[in-house]
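Below you will find the structure I want to go over with you.
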Amino acid sequence: MILRKYASKDVYQFLRKAYMTAFIAAVLTRVLLPIALAETQAVNTLVFSAVAVFGASIVCFDFFTRRIFLKQKNVVWLVLFLAACAVSSLINARFGVLGNVRNLVWLAISFFLLYPVDAELSRAEVKSEIKYVSNILILVWFVACTASLAMFLFQIGDYVDVSPDLFARFGFIEGRLFGIFEDPNFAASVAIVVIIFSIFNIKNSERSALKAFYWLSIAVNFCYITLSGSRTSEVAAAVTVIFGVYFVLLKNFEVKNVRLNLIVKQFVLAAISLICGLAVFLSVNIARKGLSYLPQFVSSPFEQASVSDARLRKHIDMNREDVVNSSDVSNCRFKIWESAWELFLSAPVFGTSPRNMRTYAKELFPNGFIAQRAYAVHNAYLDIFASTGVVGAFFLIVFFVKYLIFIFTHLFLAPAGENYYMVLLSFTVVVAVAVSAFFLSEIFFVNTINVLTFWLCMGYSGYFAKAEASKLAVGSLIKENDNL
C-alpha cells in the first residue's frame, strides 16, 4: 500500500531516467581511458554493483505497483530466456555462481526496465525521454571524439601499463585512432548510434544553434569512425544506411503517390539503397585518405629529400598493423568462433552458462583458442548458443522473430502513418547495434552503451508501432460505423 501511494507514471519515469543517467556514468568509467586508469578495480566493481542494485530496485518497485514490464509485448519469451539462463547457471554451478547471479540481474534490468515503455505515456513524453538520453550520449561522445581527434592531429599515441601483465593503447597508434577510448571498435559502434540520434534531434529541434551543434556532432563522430579503423563499424554503418534509405524512400513513394509496378518499385528502392550503402564504404575510405594529411598542417607539413627536390605533402600511414601484418583477415575471430562452436557442441542443451564459458573452456578444452587466449566470443548470437544452449537460443529467436514481424508489418503496411519515422529511427538504432553484435560482444551478458540503446530503442519502436496500429484500428472502426 505504501509503494502504491507513489506509483504514478511521473515517479516511475523519474526513476527510469535516473537509472539511465547512472548506467551511462558507470559505463563511462570503463570505456574512457583517463577515468578507467584512475579508478581501481574495487571502486569500479562497487560503482556497477550500486547501479545494479538501483536498477533491480526499480524493477521490484514496478512489480509491486504498476507492473509495466508485464504488459510489454512478448515479454514472456524474455522471462523464459531468463529461466533458461538460471537453469544453465545451476547445471554449471561448479564453474562459478556469483558471476551468473550478477548476470541474471543485469539481464532482468535490460528486459524489465529498459525495454518496457509505459503505455500511458503520450507520444510527446516518449519523444522527450528519447531526447533526454540521446542528448547525454551526443554531448559525451562529441567531447570524447573531439579530444580523440585532437590526439590524431597532434600525433599523440603510446602504450600505458594497466597492470604488470596488461597494457592499453591511447591516442593514434598502430595505424588507428584509439583516442581516449579503451576500445575503438565499441566507440565507433556507439558513434553510429550517436549519428542516428543527432539526426532525430535535428528533425525535432527548432533552434538553429542546436541544429548546427547536431550537424557538427555528426561530422565529428563520422571522422572518428573513419580514423578508428573499425571494419565492424563500417559494415554496421553501411547496412544501417541501406536499411534506413530503403524505408525512407518507401514512405516518400507512398506519400507522393508514385505509381510503379510492385516489382519495379522494389527493384528501384533496393538499387538506390545498395548504392547508398556502397557510398558509405567509399566515403569512409576517401575521408580516411584526406584526413591522413591533416596532422602535417599542425606539425611539419612537407618532406623534402634535398633543397632541389620538389616538396611533397606527407600523409600519415592509416594501415592497421594488426591487419596488414597478419594473414588472418578476421583478426582471430574465425578461431574464436570455431572454439565457441566447439563449446556449444559439448553442452548443446543448456550451454556453459553466461559467465562461466572461459572457466568451462579451461577445464574441459584447455587446448582450445578461448581457453588459451581468454577471449570473449565476439559474436553475440554465437555467444547465446554457447552460453545457454538451444533452449535459451530458442526463446530469444521466438522473441525476436515476433518483434521483427510486428515492426516490419508496420513499416511496410503503414508508411503514411504519423509515427512512421519514430518507428524507423528507433529500429534503425536496433539494426546498427544488431549488426555490430555479429562481430562484437554486445546486447547480452555485457554492460555497454549499446546495451542501453538497443533495449531502449526496441521498446521505443514497439511503442510507436503499437500506437500507430491502435490509431489505424480506431480509424477503421470509425469508417465502418460511418458506413452503417
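The values are calculated or read from the model by the stated rules, or taken from the named source; none is laboratory data. Predicted model, so just to flag it, every value in this text is computed and none were measured. Methodologically, a virtual Cβ is constructed for each residue, glycine included, from the backbone with ideal geometry; neighbour enumeration extends over all protein chains shown. These accessible areas exclude ligands, DNA and RNA; they are computed on the full protein's heavy atoms, side chains included. Shrake-Rupley method; radii C 1.70, N 1.55, O 1.52, S 1.80 Å.
From the list L343, L411, which residue is touching a residue at least 60 places away in the same chain (Cβ under 8 Å) and in contact with a Phe, Trp or Tyr (Cβ under 8 Å, 6 or more places away or on another chain)?
Numbers: L343 fails: touching a residue at least 60 places away in the same chain (Cβ under 8 Å).
None of the other options fit; the residue is L411.
Follow-up question, since we're still on this one. Tell me, yes or no, whether region 425-447 has at least one residue that is more than 18 Å from the chain's Cα centre (by Cα) and open to solvent by less than 10 Å² (accessible area, probe 1.4 Å).
No, region 425-447 has no match at all.
Same structure, new question: Look through region 222-234, keep the residues that are part of a helix (DSSP H, G or I) and more than 19 Å from C276 (Cα to Cα), and return whichever of them is farthest from the chain's Cα centre (by Cα).
In this case the residue turns out to be L227.
Between V101, V76, V133, which is buried (at least 16 other Cβ atoms within 10 Å of the Cβ) and β-branched (V, I, T)?
Details: V101 fails: buried (at least 16 other Cβ atoms within 10 Å of the Cβ); V76 fails: buried (at least 16 other Cβ atoms within 10 Å of the Cβ).
Answer to the selection: V133.
Suppose we filter region 338-370 for residues that are open to solvent by 60 Å² or more (accessible area, probe 1.4 Å), assigned to a helix (DSSP H, G or I) and under 13 Å from F445 (Cβ atoms); how many remain?
The number of residues fulfilling the criteria is 1.
Conditions tested, residue by residue: (1) within 30 Å of C332 (Cα to Cα); (2) among the acidic types (D, E); (3) surrounded by 16 or more Cβ atoms within 10 Å (Cβ to Cβ); (4) at pLDDT 95 or above.
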site: Q372; (1), (2), (3), (4): yes, no, no, no
site: A380; (1), (2), (3), (4): yes, no, yes, no
site: I407; (1), (2), (3), (4): no, no, yes, no
site: A414; (1), (2), (3), (4): no, no, yes, no
site: V423; (1), (2), (3), (4): no, no, yes, no
site: F464; (1), (2), (3), (4): no, no, yes, no
site: A473; (1), (2), (3), (4): no, no, no, no
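Also: Among (1) under 27 Å from Y460 (Cβ atoms); (2) of a type outside the set (A, V, I, L, M); (3) touching a residue at least 60 places away in the same chain (Cβ under 8 Å), which single condition is N92 missing?
Failed condition: (1).
Here is a follow-up. I'm trying to understand the selection: among the residues of region 384-396, which are open to solvent by 20 Å² or more (accessible area, probe 1.4 Å) and within 17 Å of E442 (Cα to Cα)?
F385
So, one more: Please go through (1) of a type outside the set (D, E); (2) surrounded by 14 or more Cβ atoms within 10 Å (Cβ to Cβ); (3) modelled with pLDDT of 70 or more; (4) over 25 Å from E442 (Cβ atoms) for H315 and return the number of the only condition it doesn't satisfy.
Among (1) of a type outside the set (D, E); (2) surrounded by 14 or more Cβ atoms within 10 Å (Cβ to Cβ); (3) modelled with pLDDT of 70 or more; (4) over 25 Å from E442 (Cβ atoms), H315 violates only (3).
Something else now. Mind telling me which of the residues I199, I195 ends up being within 30 Å of T29 (Cβ to Cβ) and open to solvent by 60 Å² or more (accessible area, probe 1.4 Å)?
Result of the check over I199, I195: I199.
Looking only at region 26-48, decide whether some residue is within 15 Å of P116 (Cβ to Cβ), surrounded by 18 or more Cβ atoms within 10 Å (Cβ to Cβ) and touching a helix residue (DSSP H, G or I) at 6+ places or on another chain (Cβ under 6 Å).
Scanning region 26-48, I find no residue that is within 15 Å of P116 (Cβ to Cβ), surrounded by 18 or more Cβ atoms within 10 Å (Cβ to Cβ) and touching a helix residue (DSSP H, G or I) at 6+ places or on another chain (Cβ under 6 Å), so the answer is no.
Among the listed residues T65, T45, which satisfies the condition of being over 20 Å from the mean Cα position of the chain (by Cα) and touching a residue at least 60 places away in the same chain (Cβ under 8 Å)?
T65
Mind checking which residues of region 110-130 are acidic (D, E) and open to solvent by 10 Å² or more (accessible area, probe 1.4 Å)? Give the steps one after another, and end with the answer.
Going residue by residue through region 110-130, those that are acidic (D, E) are 118, 120, 125, 129.
Residues satisfying the conditions are E120, E125.
Another question about this same structure. Which condition breaks for L70 when tested against (1) of a type outside the set (G, A, S); (2) at pLDDT below 95; (3) buried (at least 17 other Cβ atoms within 10 Å of the Cβ); (4) within 25 Å of the chain's Cα centre (by Cα)?
Failing condition for L70: (3).
Does at least one position in region 332-343 carry a residue that is farther than 29 Å from G229 by Cβ, modelled with pLDDT of 75 or more and in contact with a helix residue (DSSP H, G or I) (Cβ under 9 Å, 6 or more places away or on another chain)?
Yes - at least one qualifying residue is present in region 332-343.
Let me ask something else. Name the pairs: first residue in region 174-186 and touching a residue at least 60 places away in the same chain (Cβ under 8 Å), second residue surrounded by fewer than 19 Cβ atoms within 10 Å (Cβ to Cβ) and part of a loop (DSSP other than H, G, I, E, B), Cβ to Cβ under 7 Å, at least 6 apart or on different chains?
E174/R320; G175/D317; G175/M318; G175/N319; G175/R320; R176/R320
Right, something else. From the list R176, R169, exactly one residue is among the charged types (D, E, K, R), under 25 Å from the mean Cα position of the chain (by Cα) and either open to solvent by less than 40 Å² (accessible area, probe 1.4 Å) or at pLDDT 95 or above (or both). Which is it?
Exactly one residue qualifies, and that residue is R176.
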